[in-house]
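Take a look at the structure set out below.
The values are calculated or read from the model by the stated rules, or taken from the named source; none is laboratory data. For clarity, every value in this text was computed on a predicted model and none was experimentally measured. In this analysis, Cβ positions are derived from the backbone assuming ideal geometry, glycine residues included, and neighbour counts consider all displayed protein chains. In case anyone asks, the SASA skips ligands and DNA or RNA and just uses the protein heavy atoms, side chains included. Shrake-Rupley method; radii C 1.70, N 1.55, O 1.52, S 1.80 Å.
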Amino acid sequence: MSNSAVIFGEFDDSRPVTDAPAAMAGDERIVWQGAPDWRRFALSVMKLRTIALYFAVIMAARFAADLVAGQGAGAGLISAAWTLCLAAPVLAFLALYARLVARSTRYTVTTRRIVLRIGVAMPMTVTVPVGLVDTIDLRRNADGSGDILIGVLPEQRLSYSVLWPHARPWCFSRPQAALRAVPDAEAVAETIGRMLARQTTKAPAQESVQGSAAKAPARDTGSVAAAAG
């Protein structure tokens, strides 16, 4: 199995991976497919609750300031209403963006690669072959959803700006791809982990069989690719 990010003639990474067998090559099969939960995405990624609390504090502060200044409760309510007029469209935009991200995102894990079909305005596909995966981490939320963080080998490089918001937050030196706000994240992470473990144990067995006949060629680690959709 080659570890290069784009294998021409076997599958086309410029198109999303689907359940159709024709979209995959050889013995490749889909292990898991999913998308972010837009509500959890809005709360955990877009920080909707934190921003709403910020505006609530501003409204309370303005109301209290008007009362202290002796302008009365009516003036305080008017000041708070102006803040609400500013907060409402901001919160609505963040919620709408979360829904659009969830609708346009498709995470796919196969026996050969992890594919992130992302992008609201400019769709693209980011492919991480399983041979380049270094670590899989889980950040679980109280409701069972969470982020699955995918670290690649040290010699590889991911682009934080290309991946965002599907990247590990504030991790700029070695960016990691992230499956964000995934429902039942622990079960998904275990599924991915078992698949990677099987592939890891399978690779040495294949190399030993090849080595008995001839010297095995150097492993082609390839690179991680982001292809325009």
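Brief remarks follow.
- Test: residue in the range 114-121 that is farther than 23 Å from Arg198 by Cβ and surrounded by fewer than 17 Cβ atoms within 10 Å (Cβ to Cβ): yes
- Meets criteria (of a type in the set (Lys, Arg) and out of contact with any Leu (no Cβ under 8 Å at 6 or more places or on another chain)) for Arg180: yes
- Test: Arg157 is touching a Ser or Thr at 6+ places or on another chain (Cβ under 9 Å), part of a helix (DSSP H, G or I) and farther than 20 Å from Leu43 by Cβ: no
- The range 132-169, residues that are surrounded by 21 or more Cβ atoms within 10 Å (Cβ to Cβ), among the small types (Gly, Ala, Ser) and in contact (Cβ under 8 Å) with a residue 60 or more places away in the chain: Ser145
- Residues in the range 67-110 that are open to solvent by 40 Å² or more (accessible area, probe 1.4 Å), outside any helix (DSSP H, G or I) and closer than 30 Å to Ile30 by Cβ: Arg106 alone.
- The range 26-61 - residue that is open to solvent by less than 40 Å² (accessible area, probe 1.4 Å), in contact with a strand residue (DSSP E or B) (Cβ under 8 Å, 6 or more places away or on another chain) and in a loop (DSSP other than H, G, I, E, B) and, of those, farthest from Glu186 (Cα to Cα): Glu28
- Take the conditions (1) modelled with pLDDT of 65 or more; (2) open to solvent by 60 Å² or more (accessible area, probe 1.4 Å); (3) part of a loop (DSSP other than H, G, I, E, B); Ala218 misses just one of them, which is (1).
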